[in-house]
Every structure is written in C-alpha cells, then in structure tokens.
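Colleague: Have a look at this one before I ask anything.
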Amino acid sequence: MMNPRSASLLTRALLLVAFAISIGSCGARRPASTTVSSTPQAIQPVAGHLLIVGGGQLGPEITQRFVALAGGPDALIVVIPTAGEDSAYTGTWTGLAWLRTAGARNILVRHTRSRRIAETDSFASPIRKAGGVWFPGGRHWRLVDSYLDTRTERELHALLARGGVIGGSSAGASIQASYLVRGAREGNTIMMAPGYERGFAFLTGTAIDQHVTARNRQLDLQPVVKRFPSLLGIGLDEGTAIDVHGALAEVIGRGMMFVHNGHDPLPVDTPYVTLRAGQWYDLAQRRRATAATTNGQR
C-alpha cells in the first residue's frame, strides 16, 4: 500500500503532466493584452474592402458582392468558423452552402483553437493566396482566444492592404472593429468585458454591434461610446451590411445601419442616425455622404 507522502507526490506529478498536455494541445488561452488602448484611434481608410453584416439570412446582394470583391468564382476564399461551437469543420460543412450558391468554387476552411497553431506559417499561409476571408457568427471570445496578435491576424491585415476583402456576420462583424462589444465569455448581453475588449481593428476607431432591431439593441452602443468618446458606434440589422472601402461605407441589404456618436444632427427622440440600402456614410468625417460627395472613390 502506498504511503501518504508517495501518494501526494504521485498526484502532483499527474497534475503537472495533465497541465503540460493541455498547454501543448491548446496553446495559450489568450494574448497577453486584450484590453482596449486608452489612446484615441482615428478611423483609417481601408485599402481593400470590409463587408460587415448584422447577422441573419444574407440576401444575394450581399453574398454575390462578397464573391465578386474576392475576385470572382475561381478566387480562393478562406472561411474561418472558429467563433462557432464545433471542434472541427470540414469542406462539407453546411455553413459553406451560401458561398457555393453565390458561385464560389474555391473555398478553404481554416480553424483552430490553438494560438500556437495560429502562429504557424503552415496554418496562416493560405490567406496570402486568398482574395477574400469570411468569418461566420458564433461567440466573439473564441476568435480573440485563437487569433488576436498572431501570424494569422497579421496575414489578414496584409490581405486588406493588398486590396482583398474580409467579410463576416454577427460575431464575425463585431470582431472587425477595434473595440469589441459582447466579447464576454459569460454571455453576449455584456457589452464591455474586461479582457475581451480588443477586436482585430480592420476598421479602426469603431465598435460594431449586430442583430439590432431583431434583438432590440438600438440603444446598446450608447454606454460604449459614452465610456470611449473617440469611438464611432455602428449597429447593423440582420440581413444588412456595409461595404467599407477607403473611408466610405455603403449600406446594402434589407435593414438599417445605426450610427452612434457621429456628427450628423440627431433626431429628436433617438441618440443615433439611421441609413438604409443605397445610402453612404463617410466614416472619417462621421457624416452622411451622398453620391456627389463620394468623389469617385468607388
């Protein structure tokens, strides 16, 4: 029979082995810093395109635009479904059906829960060949845990810099902002979650919310922009997108874009302005734009 001291040593050894295995398989849980910078960040022009969608069913005006911006049906499109719950995703995943319906023929899925893997060139290198990357919905914190401050995120910024498109819906929309809303592990009703406040900053100086009218979220960005007055708050309805290029955002789809903390005069009864399909917003000036003021930037 094992004496108490030996049993204690064996237990400690087993715990250390289990910890080492978990670290080796999953990598570090989060990057060193996921809090938002206190330094105000201006909205920088986007070299490529961002197609930011408020969740829900996507109409052909959104899906076909994404495929076209990526370079057409034969362009490589990388899908990163890590916000979802599944541990693995394959090329037969049903979440790719909309892309195939929109004409895409060259689709690659990249998914990992390990930051160590996200740091490898073998994982990130397909993004260098892609015309577009898409982030489906799910939980925002999973994207932070896997990709923030990794080689994969750096390749995504490089794709934008060379004129590619990054799109995403729901959580895949919010992650594109510099300030991440609804990032809490505890639940998506928490707007500001310490430790999960940094997005990928494809669109700097912003916080992006989604499912606005469907989930009665019209006012949810107000506490965020009051706490961080330099941020522009953008809310999007389901089935609604903004196509951002340069400093201009074009609204497409069936619902509305909600802008908090802009410079347009506010309606009497709401702290935000709304835009619908076919309307434009100048993100740098924080004002509505018209076809005449877009100045041929599209």
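Colleague: Tell me, which strands (runs of 3 or more DSSP E) lie completely within region 217-298 with 2 or more residues that are of a type in the set (Ser, Thr, Tyr) and out of contact with any Ser or Thr (no Cβ under 7 Å at 6 or more places or on another chain)? Please lay out each step first, then the result.
Modeller: On the way: elements: 232-236, 240-246, 248-253, 256-260, 272-276, 280-282, 287-289.
By residue number, 272-276.
Colleague: Of the residues in region 122-147, how many are among the polar types (S, T, N, Q) and surrounded by fewer than 23 Cβ atoms within 10 Å (Cβ to Cβ)?
Modeller: Of the residues in region 122-147, 2 are among the polar types (S, T, N, Q) and surrounded by fewer than 23 Cβ atoms within 10 Å (Cβ to Cβ).
Colleague: If we keep just the residues of region 76-94 that are within 20 Å of residue 171 (Cα to Cα) and in a strand (DSSP E or B), which is nearest to the chain's Cα centre (by Cα)?
Modeller: Only one residue fits best here, namely 79.
Colleague: Continuing with this model, one more query. Just to be sure I understand the filter: pairs with C-beta atoms under 6 Å, separated by 6 or more residues or on different chains, first member in region 170-191 and farther than 30 Å from residue 245 by Cβ, second member small (Gly, Ala, Ser). Which pairs pass?
Modeller: 184/193; 190/184
Colleague: Consider residue 43 against the criteria (1) in contact with a Leu (Cβ under 6 Å, 6 or more places away or on another chain); (2) at pLDDT 95 or above: it satisfies all of them except one. Which criterion is unmet?
Modeller: (2)
Colleague: Going through 175, 190 one at a time, which residue ends up being modelled with pLDDT of 95 or more and surrounded by fewer than 24 Cβ atoms within 10 Å (Cβ to Cβ)? Give the steps one after another, and end with the answer.
Modeller: On the way: 175 fails: surrounded by fewer than 24 Cβ atoms within 10 Å (Cβ to Cβ).
Only one candidate qualifies: 190.
Colleague: In addition: Given the conditions (1) outside any helix (DSSP H, G or I); (2) within 10 Å of the chain's Cα centre (by Cα), and given that residue 189 satisfies all but one, which numbered condition is not satisfied?
Modeller: Failing condition for residue 189: (2).
Colleague: Another question, if that's okay. Is it the case that region 95-102 has a residue that's touching a residue at least 40 places away in the same chain (Cβ under 8 Å), of a type outside the set (S, T, N, Q) and either in a helix (DSSP H, G or I) or surrounded by 21 or more Cβ atoms within 10 Å (Cβ to Cβ) (or both)?
Modeller: In the first step, residues of region 95-102 are kept if they are touching a residue at least 40 places away in the same chain (Cβ under 8 Å); the result is 95, 98, 102.
From the residues that got through so far, the ones that are of a type outside the set (S, T, N, Q) too are 95, 98, 102.
So of that shortlist, the ones also either in a helix (DSSP H, G or I) or surrounded by 21 or more Cβ atoms within 10 Å (Cβ to Cβ) (or both) come out as 95, 98.
Checked against the condition, which is being touching a residue at least 40 places away in the same chain (Cβ under 8 Å), of a type outside the set (S, T, N, Q) and either in a helix (DSSP H, G or I) or surrounded by 21 or more Cβ atoms within 10 Å (Cβ to Cβ) (or both), region 95-102 yields at least one hit.
Colleague: With the requirement that a residue be touching a residue at least 60 places away in the same chain (Cβ under 8 Å), among the aliphatic types (A, V, I, L, M) and surrounded by fewer than 24 Cβ atoms within 10 Å (Cβ to Cβ), what does region 221-263 give you?
Modeller: Passing the criteria: 247, 252.
The values are calculated or read from the model by the stated rules, or taken from the named source; none is laboratory data. All values reported here derive from a predicted model rather than from experimental measurement. Here Cβ is always computed from backbone atoms with ideal geometry, including for glycine, and neighbour counts include all displayed protein chains.
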